[in-house]
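Written out below as structure tokens is the structure these notes cover.
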Amino acid sequence: MPREKLQHAIGAIHVRFGGHALVHAARLPAARPWPTGLPAVDRLSGIGGLPRGRVSVLQGALGAGKLSLALAVLATATREHAHAVVIDRRHRRFDPWIPDRMGADLGALTVVRPPTPAVAGEAAVALARAGAGFTLVLEELPEPALGPLESAAARSGSVVLVVAVGGGRALAHASSLTLELELLGWEPARGRLAGPRSVLRCVKNKLAAPGAEAELVLRYPRGPRLPGAEWPREVERTPAGVVEPWPGASAAV
Amino acid sequence: MAGRVCCGLIPHLELARRPELTGAPAVVGGGDGRVLAASAEAMAAGVRPGLTLRQAEALCPAAAIVGADPVATSRLAERIAAQLYDLAPEVEVRLDGRAWLDLTGLPLPGRAIAAARRCLRAAAGVEPRLGLAAGPFAAALAATRARPGRLLQVEDVPAFLSPLPVAELDLDAEQLERLDLLGLRTLGAVAALGPRQLESQLGKAGRTAALLARGEEPLPLAPWRPLLVPGARCQLEPPVDDREALLFVARGLCGDLAGALGDRGAGARKVRVRLGVEDAPEESRESVVRHPLSSAAELFGLVSSWLREWRPAAPVTEVTIEVPELEAAGRRQLRLWMGGDGSAEEVRAALERLQDRHGVEVALAVRRALGTSPLAGQRHLLVPA
Amino acid sequence: MTQLLDPPQPLEVEVDDAGQPRHVQGRPLAGPVRPVVRWIIEVDWWTSSPVSREYWRVLLRERLMCEIYRDRAGGAWYLERVYD
């Protein structure tokens with residue numbers, strides 16, 4: 001869009017809806033962090049957690065473990081926010097059993113199942129405007145929703161996390177923090193495959209320097225019934241080689 | 001006028017709370033598998049509090065059996081008490097549907113009684129029975145013998161009490177059997193024997209029984225006091241000594257409080273939990289919090305951590321959660337800008353608007369179903385939020 | 001952790017002599033699989049619609065962990081879960 005037209009559009013919005021309606025990224029207030037309880041994520045953001053009032057993106061190819069990571073963050077969010085929402089676009093993609101076993105407070109959780117992508121966008125924006133504490137979007141949203149989502153989140157301070165396979169340009173632009181998970185291989189445990197070993201990278205960061213990395217191993221259950229605290233677990237290998245158990249996992253039992 | 005107490009009688013609040021059960025046989029089951037309350041129609045078939053639900057079913061197969069909800073019922077008791085408190089300086093409301101007002105010193109007691117009648121009728125959906133006597137025991141018995149919507153006034157309390165059966169005394173089955181063995185079948189007989197004799201037979205309960213039978217009203221009202229600070233309270237009848245049950249009640253109260261805080265746009269900086277304990281002094285814990293709490297989850301997080309370690313001296317009769325220090329609403333608005341939870345109302349409204357436009361299935365809450373099922377589809381239910 | 005497919009996706013599965021799945025063909029997944037864990041589920045056997053399944057957790061193309069099952073009544077295979 002030609003620059004003058006853009007400025008005019010922005011100016012028009014300011015007049016009609018007030019200065020808060022559309023805010024340049026550069027003028028957004030400094031984002032306060034929301035600690036996820038996952039050391040890797042909190043460290044990679046550079047601010048100690050996911051940014052409140054911003055859109056964050058977690059991306060990676062299928063199988064790398066990004067959904068697992070997102071559900072772990074969701075479980076923490078249900079315990080700390082009055083409202084945690086999952087926008088699950090394709091039916092039954094979201095299994096409540098996972099966050100339940102991670103110790104989620106199911107009472108704080110709402111699952112939004114929009115029939116179309118447009119409704120998914122509408123829901124995300126509406127919830128961000130209303131100030132829902134944490135919103136997890138399990139699918140890319142349509143482009144027209146992303147700008148309003150950014151503004152709505154900035155105004156209310158909501159934490160928004162979008163899980164996507166590969167960032168489209170619009171989503172990449174709307175994101176203040178993009179973390180990417182890449183599968184390295186599969187981790188055996190006691191002769192059986194336990195889960196993926198992946199590297200988590202911060203590929204975009206408007207709040208701190210990007211580029212930080214962490215290696216994660218996720219553990220999946222060994223059968224249909226969960227044996228207990230051993231699942232799910234993230235074992236993080238810091239550059240120093242120390243293995244840190246994931247805090248809060250045992251609370252799930 | 002000597003001290004005058006009015007008692008209003010409506011159905012057990014578990015039943016009063018459910019207008020859809022009026023006029024039909026209904027039984028409320030407590031958590032222990034026993035009858036907590038029974039409607040008049042069910043009682044006519046022989047159902048009594050204390051029987052097992054199975055026995056109740058056998059006596060009255062047509063009865064609807066519903067579960068108790070102590071938090072909701074306690075809320076109703078609080079509401080009734082708050083309204084009656086406007087009418088008389090001392091009121092007591094019990095979950096079994098008895099409500100007392102001490103009219104001593106009121107210039108217009110008749111007006112208070114009429115207002116109480118209206119209040120109870122509105123709460124229960126049926127006309128209360130009213131009794132007026134020198135003390136609460138006699139007033140309650142008078143109420144049971146009044147017709148709906150009418151007041152039975154007792155002038156000569158001993159004469160009124162004398163022919164009444166000993167079952168009207170709050171004694172257990174074994175104690176009543178002892179009285180029967182002693183040939184004491186009426187309150188008059190018990191009164192004649194006297195407190196000292198009864199004490200030697202039945203201990204302290206016997207002494208109290210004799211004094212009651214004589215009309216001497218040894219048990220004063222336990223006056224209701226409004227919460228001076230924002231808080232939520234639940235009375236527990238029967239008293240509870242099970243930690244899980246206490247946590248369940250506390251969770252409900254935290255939900256109430258969070259709603260109230262959300263309405264004010266406020267957060268709690270100080271939280272206090274008080275436990276009323278049977279025959280023992282009240283116990284309490286409180287703490288100032290660094291990060292103001294406003295959601296049910298946050299409040300319950302703190303309260304539940306206390307309750308998990310708490311060892312009350314005796315079964316708990318009342319749970320009160322108070323938030324004596326709030327963060328001012330103005331500062332909370334600033335916090336919203338900086339990042340925090342929107343008020344519960346706003347988010348709920350947003351979800352409702354989505355449902356209006358796209359159907360109720362667009363926003364769902366998660367319920368555990370067969371949590372341990374090996375089949376993924378059976379573990380949880382998603383129901384419209 | 002996973003995408004739960006509802007309804008589960010029908011699959012064509014090749015098994016080896018020992019009965020272990022070796023190759024799957026279906027939408028959207030196809031390719032060689034390495035079996036990881038196996039378990040059997042029998043539920044609701046006292047009702048008119050009992051469920052009896054043989055579940056396999058398999059690794060597809062050494063990359064994607066999935067859960068498939070064989071309906072022991074009809075013999076058909078389905079994809080139920082994809083781990084991510």
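Remarks
- Residues in segment A:152-209 that are part of a loop (DSSP other than H, G, I, E, B), in contact with an Asp or Glu (Cβ under 9 Å, 6 or more places away or on another chain) and of a type in the set (A, V, I, L, M): A:V165 alone.
- When B:A258 is tested against the conditions (1) more than 20 Å from the chain's Cα centre (by Cα); (2) outside any helix (DSSP H, G or I); (3) buried (at least 20 other Cβ atoms within 10 Å of the Cβ), the lone failure is (2).
- Scanning segment A:76-108 for residues being more than 7 Å from every other protein chain (Cβ to nearest Cβ) and out of contact with any strand residue (DSSP E or B) (no Cβ under 9 Å at 6 or more places or on another chain) gives a total of 3.
- Scanning segment A:174-187 for residues that are surrounded by fewer than 19 Cβ atoms within 10 Å (Cβ to Cβ), more than 10 Å from every other protein chain (Cβ to nearest Cβ) and either closer than 21 Å to C:W56 by Cα or at pLDDT 90 or above (or both) returns A:E182, A:E187.
- Restricting attention to segment B:287-321, the residues that are away from chain A (no Cβ under 14 Å) and either at pLDDT below 85 or over 15 Å from B:A258 (Cα atoms) (or both) add up to 16.
- Just one of the listed residues (A:L127, A:L141, A:L136) is touching a residue at least 24 places away in the same chain (Cβ under 8 Å) and part of a strand (DSSP E or B), and it is A:L136.
Results for (1) within 14 Å of chain B (Cβ to nearest Cβ); (2) touching a Pro at 6+ places or on another chain (Cβ under 9 Å); (3) at pLDDT 70 or above, shown as yes or no for each residue.
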{"site": "A:L6", "(1), (2), (3)": "no, no, no"}
{"site": "A:V15", "(1), (2), (3)": "no, no, no"}
{"site": "A:G19", "(1), (2), (3)": "yes, no, no"}
{"site": "A:R32", "(1), (2), (3)": "yes, yes, yes"}
{"site": "A:P39", "(1), (2), (3)": "no, yes, yes"}
{"site": "A:D42", "(1), (2), (3)": "no, yes, yes"}
{"site": "A:L50", "(1), (2), (3)": "yes, yes, yes"}
{"site": "A:G53", "(1), (2), (3)": "yes, yes, yes"}
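- Within segment C:14-53, the residues that satisfy the criterion of being of a type in the set (A, V, I, L, M, F, W, C) and farther than 24 Å from A:A194 by Cβ are C:V15, C:A30, C:V43, C:W45, C:W46, C:V51.
- Residues satisfying the stated conditions in segment B:194-249, i.e. within 20 Å of the chain's Cα centre (by Cα) and in a helix (DSSP H, G or I): B:R243, B:E244, B:A245, B:L246, B:L247, B:F248, B:V249
- Restricting segment B:331-367 to residues that are at pLDDT 85 or above and outside any helix (DSSP H, G or I), the residue that is surrounded by the most Cβ atoms within 10 Å (Cβ to Cβ): B:A363
- Extreme residue, nearest to B:F160 (Cα to Cα), among residues of segment B:176-193 that are touching a residue at least 12 places away in the same chain (Cβ under 8 Å) and part of a loop (DSSP other than H, G, I, E, B): B:R185
- Count of segment B:269-286 residues which are modelled with pLDDT under 85 and under 23 Å from B:L326 (Cβ atoms): 1
- Meeting the requirement of 3 or more residues that are over 23 Å from the mean Cα position of the chain (by Cα), the helices (runs of 4 or more DSSP H) wholly within segment B:108-175 are B:109-124, B:157-161.
- Some residue of segment C:74-84 being modelled with pLDDT of 90 or more, away from chain A (no Cβ under 14 Å) and surrounded by 20 or more Cβ atoms within 10 Å (Cβ to Cβ): yes
Condition check ((1) among the small types (G, A, S); (2) surrounded by 14 or more Cβ atoms within 10 Å (Cβ to Cβ); (3) more than 30 Å from B:R118 (Cβ to Cβ); (4) without any contact (Cβ under 8 Å) to a residue 12 or more places away in the chain) across all residues:
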{"site": "B:V157", "(1), (2), (3), (4)": "no, yes, no, no"}
{"site": "B:L161", "(1), (2), (3), (4)": "no, yes, no, no"}
{"site": "B:K204", "(1), (2), (3), (4)": "no, no, yes, yes"}
{"site": "B:P218", "(1), (2), (3), (4)": "no, yes, yes, yes"}
{"site": "B:A232", "(1), (2), (3), (4)": "yes, yes, no, no"}
{"site": "B:L247", "(1), (2), (3), (4)": "no, yes, yes, no"}
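- Boolean, A:L62 is buried (at least 24 other Cβ atoms within 10 Å of the Cβ) and either at negative phi or at pLDDT below 90 (or both): no
The values are calculated or read from the model by the stated rules, or taken from the named source; none is laboratory data. Just so it is clear, the structure is predicted and the values come from calculations on it, not from any experiment. Ideal geometry is used to build each Cβ from the backbone, glycine not excepted, and the neighbour counts take in all protein chains shown.
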